[in-house]
Amino acid sequence: MPFLIGAMDNIALTLDTLAKLLWVLLPLSLLPALLWLVERRQVRRFAPLRKVGSILSAHPAIRQLLPAYFINSLANALPATLFILFVTHVLQAPEQVGMVLMVYFLSGIVGLPLWLWLARRIDKSRAWVLALVLSVAAFVWVPLLGAGDVYGFLAICVVSGLALGADVALPASMQADIAQQMEHQGNPQTGLLFGLWGLLTKLALALAVGIAFPLLDWAGFAQEAALQTDTTLLTMALLYAGLPVLLKSWVIWRMWRFPFSEVDFRDYWEMSYANALYSVHPSALHDKRVQQHED
């Protein structure tokens with residue numbers, strides 16, 4: 001929005017605009033949830049904090065999804081941390097920051113329906129892997145960019161932006177599948193799982209800053225773009241894209257071997273529900289089968 005109204009060059013006006021927008025957009029964003037989200041009233045059991053370590057064994061898919069999600073979040077956080085520095089010092093086009101960011105996020109919005117459609121046909125984990133491959137295919141060209149290569153960088157942002165929708169939606173959806181199974185099994189650790197998910201997201205962002213800025217300082221980063229050395233610019237490009245490519249490649253390898261499909265989650269949930277129902281009402285399952293046979 002600051003880019004659209006021409007406020008990007010004025011920091012005070014930009015912050016003032018964002019503050020006013022938040023006062024309006026936050027209530028509007030929360031309103032649908034307040035009106036239509038129905039809370040299910042049920043007896044809740046809470047896992048004590050000491051069970052944080054046991055969450056990895058609460059479901060077999062957690063041990064594979066959580067590390068992959070964390071490493072991918074770190075891979076995404078590095079370019080997010082260095083984006084303005086990269087455009088300013090490597091491309092030497094600080095005036096294009098707003099336009100490139102808008103193109104990146106619009107590409108993510110456009111790509112999201114595609115990934116949701118693909119996930120329904122080939123499974124969520126495979127669709128996420130394909131999005132990661134697309135992102136890697138775009139990012140490998142970043143170290144070749146230099147001053148003035150704005151259009152080349154814009155093309156990279158369009159392609160990597162298309163993969164953004166899958167990165168945002170699919171891992172969280174897979175985690176929700178796991179949480180649903182745990183809940184129907186009577187496992188009280190679903191809240192702990194969501195809390196750990198959020199913690200890993202924040203930790204990845206913090207770790208990206210802790211990795212990128214000390215290494216840039218070691219490489220001789222200077223305040224002025226004209227004073228940067230070739231070593232500094234190469235280090236920035238490798239941190240912006242080279243390290244994320246390596247991290248995402250590991251996630252691709254790990255998630256391609258992900259043992260659970262959406263069908264597995266659904267079948268596993270139905271089996272758990274049937275077992276729980278049978279343990280409480282042994283005749284219910286038999287009566288249901290008789291009714292199906294008669295129909």
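The values are calculated or read from the model by the stated rules, or taken from the named source; none is laboratory data. As the structure is a prediction and not an experimental result, all values here were calculated from the model. Methodologically, a virtual Cβ is constructed for each residue, glycine included, from the backbone with ideal geometry; neighbour enumeration extends over all protein chains shown. Note: areas computed on protein heavy atoms with side chains; ligands, DNA, RNA excluded. Shrake-Rupley method; radii C 1.70, N 1.55, O 1.52, S 1.80 Å.
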Options A169, A147, A138, A127; residue that is at pLDDT below 90 and not basic (K, R): A147
Residue, farthest from the chain's Cα centre (by Cα), within the stretch 134-153, restricted to residues that are more than 25 Å from T231 (Cβ to Cβ) and loosely packed, with under 15 Cβ neighbours inside 10 Å: Y151
Residues located in the stretch 59-115, provided they are small (G, A, S), within 13 Å of the chain's Cα centre (by Cα) and within 21 Å of W141 (Cα to Cα): S73, A75, A77, A80, G108
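Checking the condition modelled with pLDDT under 75 and loosely packed, with under 14 Cβ neighbours inside 10 Å, which residue from Y268, Y278 passes? Break it down into steps so the answer makes sense when it comes.
On the way: Y268 fails: loosely packed, with under 14 Cβ neighbours inside 10 Å.
Residue meeting the stated conditions: Y278.
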Test: residue in the stretch 33-42 that is within 26 Å of the chain's Cα centre (by Cα), modelled with pLDDT under 65 and exposed (fewer than 11 other Cβ atoms within 10 Å of the Cβ): no
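Just to check your reading of the model, which residue among M236, M255 is more than 30 Å from Q175 (Cα to Cα), modelled with pLDDT of 55 or more, touching a Phe, Trp or Tyr at 6+ places or on another chain (Cβ under 7 Å) and part of a helix (DSSP H, G or I)? Before the answer, list the steps.
Working: M255 fails: more than 30 Å from Q175 (Cα to Cα).
Sole residue among the options that is more than 30 Å from Q175 (Cα to Cα), modelled with pLDDT of 55 or more, touching a Phe, Trp or Tyr at 6+ places or on another chain (Cβ under 7 Å) and part of a helix (DSSP H, G or I): M236.
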Close pairs (7 angstrom Cβ cut-off, 6 or more residues apart or separate chains): within 14 Å of T88 (Cα to Cα) in the stretch 144-157, open to solvent by 20 Å² or more (accessible area, probe 1.4 Å) and in a loop (DSSP other than H, G, I, E, B) anywhere: A147/Q92; G148/Q92; F153/L145
Neighbours by Cβ (under 6 Å, 6+ apart or cross-chain): first from the stretch 1-22, over 15 Å from V97 (Cβ atoms) and modelled with pLDDT of 75 or more; second open to solvent by less than 70 Å² (accessible area, probe 1.4 Å) and assigned to a loop (DSSP other than H, G, I, E, B): L13/A7; T17/P2; T17/A7
Residues located in the stretch 167-192, provided they are over 24 Å from L132 (Cα atoms), in a helix (DSSP H, G or I) and out of contact with any Phe, Trp or Tyr (no Cβ under 8 Å at 6 or more places or on another chain): M182, E183, T190, L192
Scan of the stretch 54-105 for residues that are outside any helix (DSSP H, G or I) and open to solvent by less than 40 Å² (accessible area, probe 1.4 Å), ordered by number: A58, H59, A61, L91, A93
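Only one of L203, L199, L193, L215 is open to solvent by less than 30 Å² (accessible area, probe 1.4 Å) and either modelled with pLDDT of 80 or more or in contact with a strand residue (DSSP E or B) (Cβ under 6 Å, 6 or more places away or on another chain) (or both); which? Break it down into steps so the answer makes sense when it comes.
Values: L203 fails: open to solvent by less than 30 Å² (accessible area, probe 1.4 Å); L199 fails: open to solvent by less than 30 Å² (accessible area, probe 1.4 Å); L215 fails: open to solvent by less than 30 Å² (accessible area, probe 1.4 Å).
Unique residue meeting the criteria: L193.
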